[in-house]
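Nothing in this text is a laboratory measurement; each read-out follows from the coordinates by a stated rule. If you're wondering where the values come from, they're calculated on a predicted model, not measured in any experiment. No Cβ is skipped: glycine too gets one built from the backbone with ideal geometry, and neighbour counts run over all protein chains shown.
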Amino acid sequence: MEVEVIFLKQFEVGSFMSNCYIIGCEETSEAAVIDPGAEPEAILSELEKNNLKLKYIINTHGHVDHIGANAEVKKSTEAPILIHKEDADLFEDPQGNLSMYVGGKLALPPAEQLLEEGDEISIGNIKLKVIHTPGHTQGGISLKADNEVFTGDSLFAGSIGRTDLPGGNHGQLIKSIKEKLLPLGDDVIVYPGHGPASSIGKEKKMNPFL
């Protein structure tokens, strides 16, 4: 089977140093931005530099450091915004999305597509499978590509997401990770919402929270 050629760019944005990802299909030049939390100019510049056409803006959950640049990226690209149905209301909830604690309410466009467990998002020849991983928020998701999983703030290298924020549930998060992420396979690369990349195998062995 021919291996797909995937363009993948990871960079930190904003004061929370959140990971934003651009994933693109090199054959079709279609792309998705995962978690545009801040610095829309840098995101748009990366798309332009690599001649990528943005098809989707995907939020792994509804916290300000992962959705903060939604409006600017959408305005420039007209790409639809996708988020899990359980987190869609956070766009209009400054307490729930935490924006009230960092300078005021965000003015966010609504999501055009509400995601659910098992949905598949096509970006050219790339398929992203939606895995509902609640616990950090009720609508937290991970996105599984071929040998990669984008885990948002569910699973980090050597850690897990906070569960002391509105909508958080520690037991639920541990269950999500153990039942939905760890079975993906030891070789699968973990691209988290903050910090360095890891692998499922490494987190099974080394993560003290699991």
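Add +1 for every Lys or Arg and -1 for every Asp or Glu among the other residues with Cβ under 15 Å from the Cβ of P208, and state the total.
+3
How big is the antiparallel share of DSSP beta bridges in the chain, given as a percent to the nearest 5?
Within the chain, antiparallel bridges account for around 65 percent of the total.
In whole angstrom, how far apart do the alpha carbon centroids of the stretch 110-158 and the stretch 35-65 sit?
15
With percent of Cα pairs over 24 Å apart defined as stated, name the option among [x] 35; [y] 47; [z] 39 computed from the structure displayed.
For percent of Cα pairs over 24 Å apart, the calculated option is [x].
Listed highest first by mean packing, meaning other Cβ atoms within 10 Å per residue, what order do 120-133, 141-154 come in?
141-154, 120-133
With both partners inside the stretch 15-98, how many of the DSSP beta bridges are antiparallel, as a percent to the nearest 5?
Looking only at bridges with both residues in the stretch 15-98, the antiparallel portion is about 35 percent.
Exposure proxy check: T137, T163 ranked by fewest other beta carbons within 10 Å?
T163, T137
Give me the one-decimal nm value for the distance between modelled label points at Q113 and N169, 7 Å along each residue's Cα-to-Cβ direction.
Placing both labels 7 Å beyond Cα along the Cβ direction yields 2.7 nm.
For the stretch 49-168, what is the charge dipole size about the Cα centre, in debye to the nearest 20, if Lys and Arg each add +1 at the Cβ and Asp and Glu each add -1 at the Cβ?
460
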